[in-house]
1. Would you look at the GNM of the chain, springs on alpha carbons closer than 10 Å, and say which of Tyr34, Tyr50, Tyr155 moves the most?
2. Of the candidates Ile111, Ile53, Ile140, which one comes out as most mobile in a Gaussian network treatment of the chain with C-alpha springs shorter than 10 Å?
3. Given q = 0.15 Å⁻¹, what are the Debye log10 I(q)/I(0) values for the chain, with equal point scatterers placed on the Cα positions and solvent ignored?
4. Could you pull the accessible area for Lys102 with a 1.4 Å probe, rounded to 10 Å²?
5. As a test of the formula, what do you get for the chain when each DSSP H run with n ≥ 4 contributes -39,500 (n - 2.57) and the sum is divided by the residue count, at 222 nm and rounded to the nearest 500 deg cm²/dmol?
6. Which residue, Gly46, Gly134, Gly70, has the most motion in a Gaussian network model of the chain that connects Cα atoms within less than 10 Å?
7. From the alpha carbon gyration tensor of the range 1-121, can you work out the equivalent ellipsoid semi-axes (sqrt of 5 times each eigenvalue) and give them in Å, largest to smallest?
8. Starting from 0.36 nm per residue, how many nanometres of slack lie between Glu93 and Lys76 once their C-alpha separation is accounted for?
Amino acid sequence: DESAYKIQVISNILDKKYESEIEDILEVNEAFSYNFTFNNDNKKYGTYPYHNIIVYNDANSYPFSALSAGTFDNNKPSRAEIIVNTENLKHNEKANLKTNIKNLNEENKNISLKFLTPKEIIIQENKKDVFVNGLSEEEISIKINNLAARPGSNYVAYIIAEYEDNEKHYTSISSFSIQISEKNQKFNKNILIIILIVLVLIVIFVELWKKK
C-alpha cells in the first residue's frame, strides 16, 4: 500500500545470475519489467527451475526483498514423481525447518534440494542432497535464522527439488511461509520471586511499624 524505492530484480537460471537496472521509484499498482536472454545448450531435455529476488527500500530506506520461483521446459517437459512438503514457520530469531520428501516411483532417487529465502532470513544449509528409496520418504531438519526480518511480517520462501533420470531433468517446487512473530517481553522467574519477597517484607514492616 505504499511506494517502493530503488527496485531491482535479480534472476537466477541455470546457475547464472541476471540483474535488471535499478528503478528509482515504483508507485502503488505500477508495473516494472525487464528482459534477458540465456543459453540452455548442452542441457538434457526436461523441466528446469528459475527464481527471482526483488530487492527494494521503503520510504524510510529500510531494505526489503521478495521471492518468486517457477519452471521452464527445455525442448520436452518432464513430470517429477516426488512430493516435497514443509511446515509454515512462526518464530522470532531461530527455528528448525522440517521438510518431508516422498518418492512416488519404485526407483531410488538422488534428489538435490535448494532452499530459497528472502535476504532478511538465513538458512544455514541452503543446499542439500537427499537419497530416497523407491516408494518411501525421508525427513530432514535445517536451522533457520532471522537476520533482519521485521516482527509481524510474513515472507514467502521456496524449496526447489531436482533430479535426473533416463536422460531427463526433473523439477518440483514447493512454497512455504515464514511469519516473524512479535517478541514477547517475559519476566525472569527469579526476578519475579525477588519482587514478591520484597513486597511481603514491606507489608510486614508496615504492620510492625503500626503496632509501635
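1. Its mean-square fluctuation being the largest, the pick is Tyr34.
2. Greatest mean-square fluctuation among the candidates belongs to Ile140.
3. These q points yield log10 I(q)/I(0) values of -1.06.
4. 80 Å²
5. -4000 deg cm²/dmol
6. Gly134
7. Values for the range 1-121, descending: 31, 23, 11 Å.
8. Computed gain between Glu93 and Lys76 is 1.8 nm.
The values are calculated or read from the model by the stated rules, or taken from the named source; none is laboratory data. Note that the structure is predicted; figures quoted are calculated from it, not measured. Heads up: the accessible areas ignore ligands, DNA and RNA and are worked out on the full protein's heavy atoms, side chains in. Shrake-Rupley method; radii C 1.70, N 1.55, O 1.52, S 1.80 Å.
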